[in-house]
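Single-structure report; data block below.
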Amino acid sequence: MKLASKKAKVGFFSLSCCEGCVLAVLDLEEKLLQAFKQIEIVESRLLMEKVKPSALRLDIAFVEGSVVSKHDLNKLQYIREKSDFLVALGACATIAGIPGIRNALPPGLKEKIKRQAIKPIKEKVFPLTAFVKVDYLLQGCSINEQEFLDFLNKFLHGAKPRLQEVPVCFECKLRENACLLLKGEACLGPVTYAGCDALCPSQNVQCIGCRGFTNDANFESLDALFKEIGLSRKERYNLFTYFNQLPEQLKHLKGDR
Amino acid sequence: MITPEKPELAEVLEVKQETSDTKTFTVRFENPKRQKKFFFVPGKFMMVTIFGFGEIPLSISSSPYKTGFMSFTVVNVGNVTNAMHSLKKGDQLGLRGPFGNGFPMQRFRKKNILFVCGGCGIAPLRSAIYAVREKKEEFGKVELMFGCKNPQSILFSQEMDQWGKQGISVQTTVDKPSPKWAGNIGVVTSLFKNSVLSPENTVALLCGPPVMIHFALIELRKKGFKDRQMFASLERMMQCGVGYCSHCNIGNRYACIDGPIFNAAELKELPVKEE
Amino acid sequence: MNYVLSKEDLAPFLAQLSKRFQVIVPAKNDSGIVTFQEFSGQEVCLETERLSSPKKFFRPAKEKIFSFAKKKEGYEVKPVFDKTKRVIFGIRPCDTHALQALDELFIRYYGLDQFYSSRRKNTLLIALQCTKACENGFCQSMGTSQAVGADIVFTERGDEFFVRPETEAGRAILDRKLFKQTGDAEPSSKISCKVSLETHNLAENIYRGFESPVWKQEAERCLSCTSCTQVCPTCYCYTTDDEFEFGSGSKSSRFRFLDSCQLKRFTTVAGNHMFRASRSSRLRQFVLHKFSYYQENHGMQLCVGCGRCISVCPTKISLVEIANSIQKQVLEGAK
């Protein structure tokens with residue numbers, strides 16, 4: 001409401017990631033151009049010809065990527081300070097995502113990677129929420145473009161966007177897909193947040209949890225089901241830690257390694 | 001044909017900042033005929049639309065004897081209430097209602113009344129307090145016991161001073177006192193020992209957080225209140241007000257059409273505390 | 001008068017209808033599930049096994065119910081009704097009973113849900129009786145194995161359908177060239193379900209088992225994935241929300257979204273207080289709403305015995321098993 005009169009100042013920032021989420025924003029094409037009537041991009045490596053770090057205060061900062069180094073952390077804290085509303089963009093920023101796989105590796109391998117990485121590297125890979133207040137999460141790898149637009153639209157109208165908090169199965173059933181779990185395939189749909197319109201299961205591909213675990217996940221039961229389907233402990237461990245951090249309830253999957 | 005879900009236009013007449021996060025909105029239907037025909041019993045609620053933001057249930061906090069307008073006392077907690085807080089005099093909103101059963105006020109005649117409320121739970125009780133004050137001669141003694149988080153969050157403190165002068169015994173307590181606070185400290189049930197009303201001829205009206213209602217009922221029973229003398233207003237998630245959406249379903253009852261006021265005997269029959 | 005229609009003539013009949021109606025038929029989708037979809041010459045699937053119901057045409061997942069536009073003189077509020085003329089072919093008896101249960105609440109009970117009733121009024125139902133039991137159905141127990149409230153009832157008989165028109169509107173869409181009159185008796189559509197539920201005093205007995213440990217035991221397996229409520233032909237619970245039109249200053253709409261009682265957020269109020277936080281209380285709500293609450297309020301069951309919730313549950317939770325074991329417990333406890 002308060003923003004309707006002037007254009008909202010927006011910045012896109014990338015920490016350690018593939019920049020795929022900002023690319024997804026670019027994929028909006030015409031709709032993005034339409035959005036430009038209401039927003040002004042002040043800082044973005046991908047969306048601007050010449051990037052000059054701007055000292056301007058931002059109405060919204062979209063931050064993708066995980067925090068893996070001191071450099072990332074400094075950058076994140078700087079962005080937080082100059083932004084009114086900070087949105088974590090994509091799996092890396094919200095749940096540590098793909099870079100976070102490092103957290104789940106066996107110790108020897110972890111050390112080897114650490115030695116080869118750009119220094120100074122952090123002990124673990126973190127999502128943004130580990131360090132700063134995050135005002136909203138746009139989940140997924142990469143983010144869902146429609147969800148991004150809906151968020152932006154709500155925000156520009158002064159409405160508080162709210163997280164849907166439903167599992168992928170909810171949307172999967174609406175799309176009338178055959179259940180992969182019933183077919184004997186290990187799918188993380190029941191414990192993963194929806195919003196993707198059940199993209200993967202609709203293509204007959206199992207959900208691997210890129211939108212993060214729900215606050216109501218029954219890990220024990222799903223793990224037992226995976227075991228019944230015939231997944232080994234290691235397979236289950238890998239699936240649960242693909243995008244997400246291993247939940248407390250499944251500590252037993254770690255084994256002795 | 002009437003669509004029960006259709007919001008009717010209303011206009012904001014006045015906005016009053018009560019505390020840092022709470023405002024009272026005085027509104028009326030734009031259609032004068034509709035407003036003229038509008039009446040309600042304290043404890044009933046309206047479904048209030050802030051166009052583009054959504055719809056929420058709000059108890060009416062003004063006197064049922066004041067026709068021509070109604071008031072809502074609203075804490076800024078969510079999307080819709082946040083948008084509502086930016087409304088100014090003359091702005092439009094949508095209204096449906098009134099919904100719910102309301103307090104059975106006629107059954108309280110000749111009886112003493114004990115109001116017990118916590119935080120913004122005072123909103124629907126304020127309407128009942130005004131109703132009782134208006135027909136003072138029909139009711140016995142009146143006590144109000146009000147629990148708040150801290151002294152800054154006490155709602156209607158000026159009005160309470162007035163009520164005090166008009167013979168209503170008002171007692172407030174806070175969980176977290178400020179250095180200046182000289183009043184009671186503790187939960188609302190800690191005030192019960194001060195009540196001079198004899199349970200035999202008294203009804204208790206309660207509204208507040210679920211925990212408060214739970215413990216208040218226990219303490220009142222200890223004091224000798226019977227279940228049929230205690231009436232609680234329940235808060236539930238609601239989306240329709242007409243028993244369609246099922247969010248407010250408690251057992252086979254619906255808070256929106258069978259409630260939100262239930263007496264303690266009814267509450268015993270219902271799976272209120274499901275966890 | 002009754003008719004017969006050769007199975008070969010079904011497609012031409014539907015094609016004819018689709019000139020005047022949106023014709024909905026059961027057919028396989030890409031993922032191999034039989035769903036109700038618009039007829040465009042695809043093969044109509046007569047299998048009994050069906051995970052999807054025609055609920056989406058009466059209680060859609062997302063339905064626009066009002067549009068709000070800010071005009072000079074104030075907001076304009078316009079209800080949006082779906083008035084599409086529809087024919088649904090192949091609706092099974094259980095689903096016709098499901099519509100009866102929804103009619104009770106949305107048309108006959110409190111007020112009138114005009115959004116629902118507009119869809120209902122503009123839809124003709126061609127029911128297809130079951131001649132073979134499906135995997136998890138228990139319609140026999142629920143008394144829902146025969147179609148009700150349909151405009152035309154089809155029954156399979158070899159390579160033809162026996163056709164019984166029920167309403168004037170139904171009779172009017174039968175093409176006399178394709179449908180041949182018959183004096184035959186209606187073929188039997190009696191089936192024997194593989195699953196059965198004890199329904200004597202069901203509403204009362206199952207509510208008496210409110211505190212039964214069975215809820216907790218079963219809920220340990222429950223993933224709260226909401227699949228059961230999504231496929232249920234009578235699960236109608238919804239949430240409303242407003243959305244601004246993209247790019248427009250003040251145009252917005254109100255939507256109804258199908259919701260699920262299996263979600264934590266379903267009972268969440270300000271302050272993040274949840275009235276049904278535990279999985280077992282949510283599972284219990286689903287089962288009791290079907291078997292107990294609706295019976296007490298409306299004198300009918302909200303469960304029509306289609307068994308879809310059982311078929312679709314990844315962890316094989318069965319509301320029939322739950323209901324049977326709780327009733328057994330309650331009755332044994334009473335002895």
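The values are calculated or read from the model by the stated rules, or taken from the named source; none is laboratory data. None of these values were measured; they are calculated from a predicted model. Reconstructed Cβ throughout: ideal geometry from the backbone, glycine too, with neighbour counts over all protein chains shown.
Of the set (1) more than 9 Å from every other protein chain (Cβ to nearest Cβ); (2) surrounded by 19 or more Cβ atoms within 10 Å (Cβ to Cβ); (3) on the phi < 0 side of the Ramachandran plot, all apply to residue A:212 but (3). Filtering A:163, A:188 for residues that are modelled with pLDDT of 95 or more and either more than 8 Å from chain C (Cβ to nearest Cβ) or within 24 Å of residue A:21 (Cα to Cα) (or both) leaves a single hit, A:188. The listed residues are B:226, B:268, B:222, and the only one of them that is farther than 27 Å from residue C:111 by Cα and within 14 Å of chain C (Cβ to nearest Cβ) turns out to be B:268. The set of residues in the stretch B:103-112 that are out of contact with any helix residue (DSSP H, G or I) (no Cβ under 8 Å at 6 or more places or on another chain) and not in a helix (DSSP H, G or I) contains only B:104. Looking only at the stretch A:128-151, residues that are free of Cβ contacts under 8 Å to residues at least 60 places away in the same chain and more than 24 Å from residue C:243 (Cα to Cα) come to 3 in all. Scanning the stretch B:163-189 for residues that are more than 22 Å from residue B:124 (Cβ to Cβ) and outside any loop (DSSP other than H, G, I, E, B) yields B:165, B:184, B:185. For the stretch C:222-236, check the following and say yes or no: at least one residue is surrounded by fewer than 21 Cβ atoms within 10 Å (Cβ to Cβ) and within 8 Å of another protein chain (Cβ to nearest Cβ). Within the stretch C:222-236, none of the residues are surrounded by fewer than 21 Cβ atoms within 10 Å (Cβ to Cβ) and within 8 Å of another protein chain (Cβ to nearest Cβ). In summary, helices (runs of 4 or more DSSP H) completely within the stretch A:59-162 and bearing 2 or more residues that are touching a strand residue (DSSP E or B) at 6+ places or on another chain (Cβ under 7 Å) occur at A:70-82, A:90-95, A:101-104, A:145-156.
Just for the stretch B:1-32: of the residues that are more than 20 Å from residue B:62 (Cα to Cα), surrounded by fewer than 18 Cβ atoms within 10 Å (Cβ to Cβ) and touching a residue at least 12 places away in the same chain (Cβ under 8 Å), which one is nearest to the other protein chains (Cβ to nearest Cβ)?
It comes out as B:6.
Checking each residue of the stretch B:52-69 against the condition of being of a type in the set (A, V, I, L, M), touching a helix residue (DSSP H, G or I) at 6+ places or on another chain (Cβ under 6 Å) and touching a residue at least 24 places away in the same chain (Cβ under 8 Å) gives at least one match.
Scanning the stretch C:281-310 for residues that are part of a helix (DSSP H, G or I), farther than 18 Å from residue C:103 by Cα and in contact with a Cys (Cβ under 8 Å, 6 or more places away or on another chain) yields C:282, C:283, C:285, C:286, C:308, C:309. What do you reckon, is residue C:244 among the aromatic types (Phe, Trp, Tyr), buried (at least 22 other Cβ atoms within 10 Å of the Cβ), touching a helix residue (DSSP H, G or I) at 6+ places or on another chain (Cβ under 7 Å) and within 11 Å of chain B (Cβ to nearest Cβ)? So residue C:244 passes the test.
Condition check ((1) over 25 Å from residue B:201 (Cβ atoms); (2) part of a strand (DSSP E or B); (3) touching a residue at least 12 places away in the same chain (Cβ under 8 Å); (4) not basic (Lys, Arg)) across all residues:
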position	(1), (2), (3), (4)
B:101	no, no, yes, yes
B:114	no, yes, yes, yes
B:137	no, no, no, yes
B:161	yes, no, no, yes
